[in-house]
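Trainee: Have a look at this one before I ask anything.
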Amino acid sequence: MWRRRMWLAGSTGVVVIVAVVAVVGNRQFKHASEDPLTHADAVVVLAGEHDGREAYGVQLAEKIGAPTVLMSDPYPSEDAAMKPWCGKRRGEVRVICDRPSLLTTRGEAMMARKYGRELGWRRIVVVSWRFHLPRARFIFGQCYSDDPAQVVMQAVPRSYSQSFAYWETTYAYQYAGFAKAALEGLCPR
């Protein structure tokens, strides 16, 4: 009888945790808000799937008059999706591809800060998955600039028709990433 009650209490706890992660994660990550688009000195495209983010980053740069797109390029040198973009000009837009020293969002933010200092950027637009925007915003606040007006977050325009299990895993990963970023604190300046 005691074991059955413990099992029931444990199972109920797991169901409650899964439900809370699903509800809060859905709102915070799956439906994360973008920042209003405004003029910027550069567009920074974070690595991820080749889901159109490279083309979208260049389109955004053209739309807002940003002369530079910085693409995080942790991919192998023979990556066919990056070759058409790296080291090229797209009209008035110069595309720079670089591998961050840390293959994380933190590494990408530090790489953007390095280029921002060298090239005199005051404001950047950061492109990533919609569900990654809250964590990327937090990390860029730690490593690029603590002035929220200097970092504008934009989501890759795409739909996500994934399973419940996929979203639960994604939410858990994003929460763990937030915890890690909080523990790491500010990036060295």
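The values are calculated or read from the model by the stated rules, or taken from the named source; none is laboratory data. Keep in mind that what you see is a predicted model, and the values were worked out from it rather than measured. Don't worry about glycine lacking a Cβ; one is built from the backbone with ideal geometry, like all the others, and counts go over all protein chains shown. To get the accessible areas, we keep the full protein, side chains included, count just its heavy atoms, and leave off ligands, DNA and RNA. Shrake-Rupley method; radii C 1.70, N 1.55, O 1.52, S 1.80 Å.
Trainee: Looking at (1) modelled with pLDDT of 95 or more; (2) open to solvent by 50 Å² or more (accessible area, probe 1.4 Å); (3) in contact with a helix residue (DSSP H, G or I) (Cβ under 8 Å, 6 or more places away or on another chain), find the lone condition where Met71 falls short.
Mentor: (2)
Trainee: Need pairs with beta-carbon distance below 9 Å; first residue closer than 14 Å to Glu62 by Cα and modelled with pLDDT of 90 or more and within the range 80-94, second among the hydroxyl-bearing types (Ser, Thr, Tyr) and surrounded by 10 or more Cβ atoms within 10 Å (Cβ to Cβ); sequence gap 6+ or separate chains.
Mentor: So the pair list comes out as Val93/Thr68; Arg94/Thr68.
Trainee: Then there's this: Could you grab me the full set of residues in the range 84-114 that are farther than 25 Å from Cys187 by Cα and not charged (D, E, K, R)?
Mentor: Pro84, Trp85, Cys86, Gly87, Gly91, Val93, Val95
Trainee: So which pairs qualify, if the first residue must be in the range 176-189 and surrounded by 10 or more Cβ atoms within 10 Å (Cβ to Cβ), the second must be acidic (Asp, Glu), the Cβ gap must be under 7 Å, and the two must be at least 6 apart or on different chains?
Mentor: Sorted first by the residue in the range 176-189, then by its partner, the list stays empty.
Trainee: Restricting attention to the range 99-112, does a residue exist that is touching a Gly at 6+ places or on another chain (Cβ under 6 Å), open to solvent by 40 Å² or more (accessible area, probe 1.4 Å) and free of Cβ contacts under 8 Å to residues at least 60 places away in the same chain?
Mentor: Checking the range 99-112: at least one residue is touching a Gly at 6+ places or on another chain (Cβ under 6 Å), open to solvent by 40 Å² or more (accessible area, probe 1.4 Å) and free of Cβ contacts under 8 Å to residues at least 60 places away in the same chain.
Trainee: Against the definition (open to solvent by 60 Å² or more (accessible area, probe 1.4 Å), of a type in the set (D, E, K, R) and under 13 Å from Thr105 (Cα atoms)), how does Arg137 come out, yes or no?
Mentor: yes
Trainee: Here's a follow-up. Where in the range 92-183 are there strands (runs of 3 or more DSSP E), lying fully within it, with 3 or more residues that are within 15 Å of the chain's Cα centre (by Cα)?
Mentor: 124-128, 151-155
Trainee: Moving to a separate point now. For the range 43-73, enumerate the residues that are part of a loop (DSSP other than H, G, I, E, B) and in contact with an Asp or Glu (Cβ under 9 Å, 6 or more places away or on another chain).
Mentor: Leu46, Ala47, His50, Gly65, Ala66, Pro67, Asp73
Trainee: A further question on this structure: For Arg117, state whether it is open to solvent by 40 Å² or more (accessible area, probe 1.4 Å), under 26 Å from Cys187 (Cα atoms), touching a Phe, Trp or Tyr at 6+ places or on another chain (Cβ under 9 Å) and without any contact (Cβ under 8 Å) to a residue 60 or more places away in the chain.
Mentor: Answer is no for this residue.
Trainee: For residues that are of a type outside the set (A, V, I, L, M, F, W, C) and in contact with a Lys or Arg (Cβ under 6 Å, 6 or more places away or on another chain), tally how many sit in the range 135-174.
Mentor: Of the residues in the range 135-174, 3 are of a type outside the set (A, V, I, L, M, F, W, C) and in contact with a Lys or Arg (Cβ under 6 Å, 6 or more places away or on another chain).
Trainee: Going by the conditions given, is Gly25 open to solvent by less than 40 Å² (accessible area, probe 1.4 Å), in contact with a Phe, Trp or Tyr (Cβ under 8 Å, 6 or more places away or on another chain), of a type outside the set (Phe, Trp, Tyr) and at pLDDT below 95?
Mentor: Here the answer is yes, as Gly25 does meet what is asked.
Trainee: Out of all the residues in the range 109-117, is one or more among the small types (Gly, Ala, Ser) and over 30 Å from His31 (Cβ atoms)?
Mentor: No, the range 109-117 has no match at all.
Trainee: Report, ordered by the first and then the second residue, all pairs with beta carbons closer than 7 Å, sequence separation of six or more or different chains, a first member in the range 143-160 that is closer than 17 Å to Ala61 by Cβ, and a second member that is assigned to a loop (DSSP other than H, G, I, E, B) and of a type in the set (A, V, I, L, M).
Mentor: Val152/Leu37; Val152/Ala40; Gln154/Leu37
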